[in-house]
Every structure is written in structure tokens, then in C-alpha cells.
Amino acid sequence: MTSTQHPPEDAHGHPHGQAHGHSHSHGPAAPVSKHLRKVIAAVLIPFSVAVVVGLAVLWPGGAPPHQRTGVGFDRQTQQAKVVGIQKVDCKTVNAGQTPSNGDTSTAEGQEAKRAQQGQCAKATIELTSGKEKGRTFTEIVQPDAPRQLHKGEGVIVAYAPDAPHDLQYSVTDVNRRFPMALLAGIFALAVVVVGRLRGVMALVALVVSFAVLTLFILPAILQGSNPLLVAVVGASAIMLIALYMCHGLSARTSVAVLGTLVSLVLIGLLGSIFIGWASLTGNTDDNTGLIHGLYPNIDMSGLLLAGVIIGSLGVLDDVTVTQTSAVWELHDANPTMGPRGLYRAGIRIGRDHIASVVNTLVLAYAGAALPLLLLFSIAQSSVGTVANSELVAEEIVRTLVGSIGLVASVPVTTLLAALVVSADRPAASAGGPMRGGRGRRRKK
């Protein structure tokens, strides 16, 4: 039969005139021409070499040591278990201390008055780890405390070696490792069951990404390296490893890498400009204050910019891969479509995608800052006052800069994909000439 009765088939045996499913579940991309592979390699190989050199030059070799401050996360901790709970009168255990002037009309006085009312819980805690394993101490829990202790519950306790013997240990949190591990296991199982081999590779890429973050990015920043440079090198390494590991070494993935790279550069430039222009210091809470106190040489505003870049990378990967795959699928469905038609069709898909992604990003930041926003609401502050505070301004700049990069990634990646897939001429490697852009006859 003639080729008009049997549409040309791709490497998987699918007719070119039929659209495949979503790209994330699609098989390997069709091979591209040798010339196009050389062009892509000419761009990505030097970039990859630069990333490897950057990792080698900036590699920290571990976080620098420091003396523990005993504040926040910088405390010595041990694991323990609640072995007994006894109800006692709050007044008998001095649960609340009235101010020295006896004034109970203030907020401090009212809190102390409430603390002396009702039945408190006297918890007996036994250490289950450390050199003093088996040692017990007591903890008084007020009836209105947000966290109540229960017999048999695992807890985390802080150790203060310089405190009096009876006050060296105190409960700081509950031990929630098992539910967290169980949830992580359910997540991994769901990814593998649905994604199969792609899911396994995605989990491996996730582990590698965390390894780069914990072994390179964080220690390098603590060592005093420029946070922006460390973030760029680390984010680039994560991008290359994750994308190629999850989606294969192909021209399609390479175009997604290029689109992500261009968007990251834009995010870095905009972030640097507006963080400096808005005079954001990056030192806005107890944790950042502790970091600055322990390591005063760290550029906190640079650390803020590094966080913006790394935080945007994950969503960028999703957008660029989806856009590139959409253009490739459009070309497979209609090989006669030129770069302009591919771009127009791809950008229509991108508009729907970017609308949902930006909304998700904004809501994610708003959800994380909800307690802070609630405090401003209680204080009856105006929207302008809230937005002008550094705590909220940081989140606004982070959200808007990241969203601009996401919006820009759609036309940039779609254009790159349309130009690359339209310029491709795989006839030489496929064994037949291209005729009229409509495919090729299969030789029998």
C-alpha cells in the first residue's frame, strides 16, 4: 500500500498523525539529527563543565565547627519518653509567677494569673538516649499549654550543662519521627506505583538534590562563600542531574534545561535588583539572627537571594519540561506545522499551565506566612503597613520574582522547543530523505 494509506510511523511504531499521551509518561524521545545534537552539545557541555568546576572550587568539605549557644536549634538534645503523668494544683507547683510589682492588669500579669488556676500536669520524663540514659526528671505542663504530654509518648529534650542539676533537661518537642517516616514511605510507594521506572528515577533524583543541598550548598555558605554563587552552582547541578535522570539524555530534555537556565538567570537578576532596592537584610527572625550571630561573615541578603533561586527551581523544572514535551508532541501529531504554528499552539497550553502554577505559588507562600498575617490582622494594620514590614516584604519579593521567572519560562522554553524541533532534520540518521516536511517512506 502507499504511504497515504499508512501514515509514517515514529521509532515506537506510532503514526505521526496521532497525538500521544502526556509527555511525562511518554517513552524515549525520537532521535534528532547529528547536526542538532552538535549545536545543543556546544551550549550544554561547556555549561556542565563550568558547573563541575564550580563544585570542585567551592566544595566546602563540611560545615565549620562552633561552640553551641544553647539557643533554638543550637541546643544539645536527647530522646526521652513520658513514663508518668500526675495531676497537681497549679498553685502548689508555682506554674505562674506574678510580676514583682504585683500588677496583674498587664498581659504578663494576666498570663501568670491564668497559669496559677486549674490542674497542671506533672510529667515524669525518662531519657532513652545519651550518656545519662535512664535518668528521670519532671516537667510541669499548664492546662492551657498548646502541647499536652501523654504517658508513653516520645519527646525531645534539650540539655543545658551549665544549669542546676534539676533544671538541666527540659522538653522542647514531641518525637514525631515515626509518622513522618511513614508518610515519606507512603509518598515513595505512590510515586513508584504510578510512575514505575520514572518514579524510581524521580526518587533517586530527589535524594541527589538533597545531597547537593546538605553536602555542598549549606556548608559552602557557612564556610563564607558567596551565597549567590553557591546557589547558582548548586541549583545548576541539581537541575542537570534531576532533569536528565528523570527524563533521559535527549534533545527534548536539553531544551528544557536551556529554558530553565535562562529563567534562573532572570530570577537571579531581578532578585538581586529588588532585594537591594527594597533594602532587605535577610535577618528577620530568631533563626536568621542566630545564623548571623554564629557566622557574622555570611551575607544574609545574599542568602535570601540564594533561597529565592533554589525555591524557584522545582517549579521551573515542571514548567519547562511540560512546555518542551507539549511542543514535541504537537510536532509528532502534525509534522507539517512550522515553528510559528508550534509556538502559538504551545503558548496556549502554557497560558493554562502558568495561571495555575502562579496561583499555587502565591497560595503556598501565603499559607506558610498565615500566622504572621494573622498577627497583623489582630493588630489592625493596614495593607500598606503589612506589605512594608520586612518579614512580609521578603515573601512578596520572593513570590513575585519567582513568579516573573515562571511566566518568562513559558514563552522562552516554548520558542526554543519550536525552533529546535522545526529545524531538526533526522532524515540522515533515519535512513530516508524528508519530502515536503510530511514524513518519510519506510523501506522494506
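The values are calculated or read from the model by the stated rules, or taken from the named source; none is laboratory data. Source: prediction; values computed, not measured. Because the Cβ atoms are built from the backbone with ideal geometry, glycine has one as well, and the counts that use them run over all protein chains shown. Please note that ligands, DNA and RNA were not included when accessible areas were found on the heavy atoms of the full protein model with its side chains. Shrake-Rupley method; radii C 1.70, N 1.55, O 1.52, S 1.80 Å.
For the reader, a short list of remarks on this structure follows.
- Taking max minus min of the alpha-carbon positions on each principal axis, segment 138-204 gives extents of 56, 29, 18 Å, largest first.
- If you take the Cα centroid of segment 200-261 and the Cα centroid of segment 123-159, the two points sit 40 Å apart.
- One way to sum up the overall shape of segment 163-279 is the equivalent ellipsoid from its Cα gyration tensor, whose semi-axes run 33, 27, 12 Å, largest first.
- On a per residue basis, segment 245-338 carries 38 Å² of accessible surface, using protein heavy atoms and a 1.4 Å probe.
- Surface composition of segment 297-375: carbon plus sulfur atoms hold 64% of the accessible area, using a 1.4 angstrom probe and ignoring ligands, DNA and RNA.
- Local net charge near residue 389, Cβ-Cβ under 15 Å (Lys/Arg +1, Asp/Glu -1): -3
- Area projected by the alpha carbon convex hull of segment 193-237, averaged over all directions, nm²: 3.3 nm²
- Centre-to-centre separation between the Cα atoms of segment 381-424 and those of segment 35-58: 26 Å.
- Residue 169 contributes about 20 Å² of solvent-accessible surface, heavy atoms of the protein only, 1.4 Å probe.
- Here segment 174-231 has 80 percent of its accessible surface on carbon and sulfur atoms, given a 1.4 Å probe and all protein chains in place.
- Taking amide H as placed 1.01 Å from N in the peptide plane, the amide H of residue 155 sits under 5 Å from that of 80, 81, 82, 175, each at least 5 places away or on another chain.
- Computed E for residue 336/residue 187 - FRET, C-beta separation, R0 56 angstrom, nearest 0.05: 0.85
- q = 0.09, 0.19 Å⁻¹, segment 237-369: log10 I(q)/I(0) [Debye, one scatterer per Cα]: -0.38, -1.16
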